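Below is one structure, written out as structure tokens, with a few remarks after it.
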């Protein structure tokens, strides 16, 4: 029997344990003392399923595998000879003869076992074991509560730390937003923006245009690779970088529409370094690239937000430069297109200050987009992209949603028109129709040349030739019609179609007549093109011959009708 003092001491040891690992050790030692046994074992599972175990007594090394012992036990108490169990023979000490085991039950769940081994045939006292198993079960619940409280406290601390970090990150982003969007910073071009971004990344960083020319760079006090140094010296991405297949794949992806930053591995012979490349976009078009040394993927969320913020500001600076490039051209091109200028001398002087000799301008190009919607800012970027690299003698502006280029006489208009179309189609990822004017006689002829081109492009669209390059000189009869005074065209159409134009069904009759004449006089083909029955075509043709008193089998009369129909098309422009 235990005296009161010893019992209180043992219970106090159990009550002081707050961790399950400590409780298992205390429980084993308490059972060893209370039951006067050479071996006591405590096995306790925590909430995560991890086993805490301990052994006490002079034979504490007798159990070789606690996990195996735990899984060999059942929820039924045991008290008797070890030979009655299927696991007793696995103990390393053959002097152990008997055992008493009680399960540790907490709220109906089996969470462990207490075992006391004896070296004689009489097993340890069951009542003592049951009493202490109850006490240990209570202590387990207390330790589990403490563990849950600690976990909750740690979660609250982590949540507070995360909230504080998010607040600090938000404040940093707001501060950076103010710095990146400062008008005085944007007015100074790319350099201060690239420097700020490089300081945020704390890494070497360069800004390239889509032709891989260097626009700005940030180089902190770190060792730079030879290829990086050569890029800074030559003003464009060094060949040993630009021609690397890994980097070329990334560049193709970014110029092809990819909008996320892409990691570039093994692009430089610098062990331990990884590089990133990110696109800079104006609408759908990629106009530039950011290239910097960074950390392995993925990009941290804060880094992504800083990159997005900086990219928008750098693109704003790019727009600013585009406007500065395009607007001076507009200052003298728009008055020329509208004919609204004070005098030839004044407009020539304005253009001359911008390096344009108007007396040398002999051609006009007009580019119109297809169904794609392009905002003004994006169009300014596209204009700058198109105009770059053409050299002197080409003057570009955006006017009424189209791109206008004035060409001096030494410029090959057809070759330039194809180049412009290729660049615009790539930048817009859509269709662009280019018109080439006739030779312009003088300054006052520019407005007429522009009007002719604008109307001729409408005709080209109607002829299903959108997306092509069309010269005004190659428009055949339309060139003549577009050059004729409107009153003459009205007189021709009225003379040829007078009675028909008064008919309620004039649209249907004219449509059928147009299909018939342009199909070479085939009623069947006209019916297919108009999506009507053959008999309907024949009826309409008969009505037309009666109204106009003509013979449709007469080639001369058919030619006159065709000419008048095309005159009507021009009048409708």
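The values are calculated or read from the model by the stated rules, or taken from the named source; none is laboratory data. Bear in mind the structure is a predicted one, so any value in this text is a computation, not a measurement. Note that each Cβ is placed from the backbone with ideal geometry, even for glycine, and that neighbours are counted across all protein chains shown.
General remarks:
- Every condition in (1) assigned to a helix (DSSP H, G or I); (2) over 22 Å from residue 62 (Cα atoms); (3) without any contact (Cβ under 8 Å) to a residue 60 or more places away in the chain is met by residue 133 except one, and the failing one is (2).
- Here residue 59 fulfils each of the conditions (1) under 60 Å from the mean Cα position of the chain (by Cα); (2) at negative phi apart from (1).
- Residues in the stretch 295-308 that are under 14 Å from the mean Cα position of the chain (by Cα) and in contact (Cβ under 8 Å) with a residue 60 or more places away in the chain: 305, 307.
- Exclusive hit being surrounded by fewer than 18 Cβ atoms within 10 Å (Cβ to Cβ) and more than 30 Å from residue 78 (Cβ to Cβ), set 186, 164: 164
- Only one of 416, 443, 424, 407 that is touching a residue at least 40 places away in the same chain (Cβ under 8 Å) and part of a loop (DSSP other than H, G, I, E, B): 443
- Qualifying position, being on the phi < 0 side of the Ramachandran plot, in contact with a helix residue (DSSP H, G or I) (Cβ under 7 Å, 6 or more places away or on another chain), modelled with pLDDT of 65 or more and surrounded by fewer than 13 Cβ atoms within 10 Å (Cβ to Cβ), among 406, 354: 354
- Some residue of the stretch 80-87 being assigned to a helix (DSSP H, G or I) and farther than 19 Å from residue 57 by Cα: yes
- Answer residue from the stretch 197-206, given it is surrounded by fewer than 20 Cβ atoms within 10 Å (Cβ to Cβ) and touching a strand residue (DSSP E or B) at 6+ places or on another chain (Cβ under 9 Å) and is farthest from residue 276 (Cα to Cα) among those: 199
- The set of residues in the stretch 48-70 being part of a helix (DSSP H, G or I) and under 23 Å from residue 130 (Cβ atoms) consists of 66, 69, 70.
- Of 546, 525, all but one fail to be surrounded by 15 or more Cβ atoms within 10 Å (Cβ to Cβ) and without any contact (Cβ under 8 Å) to a residue 12 or more places away in the chain; the exception is 525.
- Number of the condition not met by residue 498 [criteria: (1) surrounded by 12 or more Cβ atoms within 10 Å (Cβ to Cβ); (2) in contact with a helix residue (DSSP H, G or I) (Cβ under 9 Å, 6 or more places away or on another chain); (3) closer than 14 Å to residue 561 by Cα]: (1)
- Search result, residues across the stretch 88-124 that are surrounded by 14 or more Cβ atoms within 10 Å (Cβ to Cβ), more than 20 Å from residue 25 (Cα to Cα) and touching a helix residue (DSSP H, G or I) at 6+ places or on another chain (Cβ under 8 Å): 88, 90, 96, 97, 98
- Checking residue 29 against (1) in contact (Cβ under 8 Å) with a residue 60 or more places away in the chain; (2) touching a strand residue (DSSP E or B) at 6+ places or on another chain (Cβ under 8 Å); (3) part of a helix (DSSP H, G or I), the condition it does not meet: (1)
Conditions (1) without any contact (Cβ under 8 Å) to a residue 40 or more places away in the chain; (2) more than 21 Å from residue 250 (Cα to Cα); (3) in contact with a strand residue (DSSP E or B) (Cβ under 7 Å, 6 or more places away or on another chain), marked per residue:
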| residue | (1), (2), (3) |
| --- | --- |
| 184 | yes, yes, no |
| 187 | no, yes, no |
| 210 | no, no, yes |
| 215 | no, no, yes |
| 222 | yes, yes, no |
| 229 | yes, yes, no |
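- Selection count where residues are more than 14 Å from residue 566 (Cα to Cα), within 39 Å of the chain's Cα centre (by Cα) and free of Cβ contacts under 8 Å to residues at least 40 places away in the same chain, scope the stretch 446-460: 0
- Scanning the stretch 464-482 for residues that are without any contact (Cβ under 8 Å) to a residue 60 or more places away in the chain, in a helix (DSSP H, G or I) and loosely packed, with under 13 Cβ neighbours inside 10 Å turns up 473, 474.
- When the stretch 419-441 is filtered for residues that are at pLDDT 85 or above and more than 16 Å from residue 368 (Cβ to Cβ), the ones remaining, listed by number, are 438, 439, 440, 441.
Each row is one residue, and each column tells you yes or no for (1) within 20 Å of residue 105 (Cα to Cα); (2) surrounded by 15 or more Cβ atoms within 10 Å (Cβ to Cβ).
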position	(1), (2)
5	no, no
11	yes, yes
17	yes, yes
32	no, yes
38	no, yes
44	yes, yes
66	yes, yes
72	yes, no
78	yes, yes
